[in-house]
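Below: the structure, in structure tokens.
Every number here is computed from the coordinates shown, using simple stated rules; none is lab data. The model shown is predicted, which means the values in this text are computed figures rather than measured ones. So basically every Cβ, Gly included, is an ideal-geometry build from the backbone, and we count neighbours across all protein chains shown.
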Amino acid sequence: MTVLERVYVALGSNVGDRDGYLAMARRQLASLPHTKLRSESTIEETEPLGPQPQCRYLNQMVLLETALTPRKLFDQCQRIERDAGRERRIRWGPRTLDLDIVRYGDLVVNESDLVIPHPELPNRDFWQREITELESHAR
């Protein structure tokens, strides 16, 4: 029997067709093997974080149930970002698509390029609102 973990993934975009990039990410996440997209939060517009001048973000959180390991899910998120034209030039810079694994069940991961729960969760009110919304759908 395959164990499915509840995983919260944050989606963000502030370049180009923001709505289109979020929709593409939802479709691609839902099509991952051994993964189901269970719920999605309301999309909200937020101010950019970091020192770079840039446009406002569209943000959304999705709840997945997946049998993928955190590393495999992370690799797939990176692939989806690349498919959307994401270029990693400036830290905290503008992006077509940003996917962050915010929580992966009760698991704690601390690797050089992957930290779960996401270390910025306590600092992002919109992520906390979106998780609360998704948890209310799951009841």
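In terms of packing, defined here as the mean over residues of other Cβ atoms within 10 angstrom, the peptides 113-126, 13-26 line up highest first as 13-26, 113-126. Classify the stretch 5-138 as rounded, prolate or oblate, taking a ≥ b ≥ c as the square roots of the eigenvalues of its Cα gyration tensor: rounded when a/c is under 1.5, otherwise prolate if a/b is larger than b/c and oblate if not. Cα axes put the stretch 5-138 in the rounded bin. The sum of -39500 (n - 2.57) across all DSSP H runs of n ≥ 4, divided by the residue count of the chain, sets its helix-only mean residue ellipticity at 222 nm to -9500 deg cm²/dmol.
Find how much the distance from Leu121 to Arg56 grows on full extension, using 0.36 nm per residue of separation minus their present alpha carbon separation; answer in nm with one decimal.
Values: separation 65, 0.36 × 65 = 23.40 nm, distance 1.90 nm.
Answer, rounded to one decimal: 21.5 nm.
Of the residues Ser31, Ser39, Ser112, the one that moves most in a GNM of the chain with alpha-carbon contacts below 10 Å is Ser112.
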